[in-house]
1. Considering only segment 325-342, state which residues are buried (at least 24 other Cβ atoms within 10 Å of the Cβ) and part of a helix (DSSP H, G or I).
2. Quick check, is residue 20 within 14 Å of residue 285 (Cα to Cα), charged (D, E, K, R) and either assigned to a strand (DSSP E or B) or assigned by TED's automatic domain parsing to the domain that holds residue 324 (or both)?
3. Select from segment 273-314 the residues that are hydroxyl-bearing (Ser, Thr, Tyr) and within 20 Å of residue 356 (Cα to Cα) and list them in ascending order.
4. Output the helices (runs of 4 or more DSSP H) that fall wholly within segment 201-318 and possess 3 or more residues being assigned by TED's automatic domain parsing to the domain that holds residue 351, modelled with pLDDT of 95 or more and under 29 Å from residue 70 (Cα atoms), or say none.
5. Here are 362, 341, 335: which of them is among the aliphatic types (A, V, I, L, M) and touching a Phe, Trp or Tyr at 6+ places or on another chain (Cβ under 6 Å)?
6. Take segment 233-254 and flag every residue that is crowded, with 19+ Cβ neighbours inside 10 Å and closer than 13 Å to residue 194 by Cα.
7. Pick from segment 19-51 the residues that are touching a residue at least 40 places away in the same chain (Cβ under 8 Å) and closer than 16 Å to residue 84 by Cα: which of them is surrounded by the fewest Cβ atoms within 10 Å (Cβ to Cβ)?
8. Are there any pairs with C-beta distances below 6 angstrom linking a residue in segment 292-313 that is within 8 Å of residue 268 (Cβ to Cβ) and among the aliphatic types (A, V, I, L, M) to a residue that is surrounded by fewer than 22 Cβ atoms within 10 Å (Cβ to Cβ) and at pLDDT 95 or above, with the two at least 6 apart or on different chains, and if so which?
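The values are calculated or read from the model by the stated rules, or taken from the named source; none is laboratory data. What you see is a predicted model, and the numbers here were worked out from it, not measured in a lab. Cβ coordinates were reconstructed from backbone atoms using ideal geometry, including for glycine residues, and neighbour counts include every protein chain displayed.
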Amino acid sequence: MQREDEFHIAVLAGDGIGEEIMAAGIAVLEAARSRTGGFSLAFDHLPGGAGLYRDTGEALSAQNYRRAGEADAILFGAMGLPDVRYADGTEPAPQLDLRFGYELYAGVRPVRAYPGAPLALADARAADIDLVIIRESTEGLFASRGKGIVEDDALARDTMVITRSVCERLFDFAFDLARRRRQRGRPGRVTCVDKSNVFASMAFFRKIFDERAARFPDIAADHHYVDATALDLVRKPWEFDVLVMENMYGDILSDLAAALVGGMGMAASADIGDAHGLFQPAHGSAPDIAGKGVANPLAMILSAAMMLEWLGHRHDARACRDAAVAIEDAVAGALAGGGALPRDLGGSADTAAVTRAVLDRLA
């Protein structure tokens, strides 16, 4: 009998719409697993988030932090509530604690145009948008999280940190991803996004990029200043393939890019390190619509597909990769069908209707 892979998934639904979209994501995961076979998923549901911090004084317990790290993958819903903050004014963010603690240096933000989803650009070429932003997720300007200083109410200072060890792994990840994408018909090109004409840290970033690019002679490598990248993501996003950049730049440009293909409701993401992977929609917890059943679950569903693809690649589990493709195809079919367009994309389908449309195509 063929061995079946079993993967243990730490699930943190979080705040706001987190529970609603997580339920959709798990339902789709189970349907895809049933369709392809060859693997099983065991879910470990863990509490965490701003609501937990408000009630207990702890956003994620040490025990559950450890359990998340022991899992084969971590699946996040949405965390954060605008009225729940630490004494310094910042928000509880267990996802950031996990990024830093488990060295999840590669923030992967795919940006893809789906037939049936509204596009921000009228140009017919916008239908060809298929790029990936890779955001370094553990240092850059975010290295100052919790360490910034304010002096005499007259000056505030946060510090950019760029290290060779993280950059080398980040760039190798980007070139490897471009190589795999080229096997699926993409150009096979990595663009380094920086501001090396102004900042020494960014000149260092670019220098390491060029060094690592030499190790991947089959993959094209080029550079783009971050301000010019913002311009060209609006002018001609279809020309990009894989873009790799510092943490804050990626935080900003990935939201801009998401708007090109429907908005944050389509923004799946992953934070990946050498030993761990965390997968979550890039949008927030949307407390204003929590409990109303109208949240768009597609970013959550696509993040779950990213988790399966990563598990399949990491463990050489073909069934996981097949299930990931099946989910992406089901999402594309649901949107192209026209009857499952979520409200944030201009349609009228609620969370249950969108989920049901994806499940129907998986069946």
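1. Within segment 325-342, 327, 331, 334, 335 qualify.
2. Working: within 14 Å of residue 285 (Cα to Cα): yes; charged (D, E, K, R): yes; either assigned to a strand (DSSP E or B) or assigned by TED's automatic domain parsing to the domain that holds residue 324 (or both): yes.
Considered against the rule, which asks whether it is within 14 Å of residue 285 (Cα to Cα), charged (D, E, K, R) and either assigned to a strand (DSSP E or B) or assigned by TED's automatic domain parsing to the domain that holds residue 324 (or both), residue 20 comes out as yes.
3. Step one: list which residues in segment 273-314 are hydroxyl-bearing (Ser, Thr, Tyr), which gives 285, 303.
Selection gives 303 alone.
4. Numbers: elements: 226-235, 247-260, 298-315.
Answer list for segment 201-318: 298-315.
5. On the way: 362 fails: touching a Phe, Trp or Tyr at 6+ places or on another chain (Cβ under 6 Å); 341 fails: touching a Phe, Trp or Tyr at 6+ places or on another chain (Cβ under 6 Å).
After applying the criteria, what remains is 335.
6. Residues satisfying the conditions are 243, 244, 245, 246, 247, 249, 250, 253.
7. Among them, the one singled out is 50.
8. 305/328
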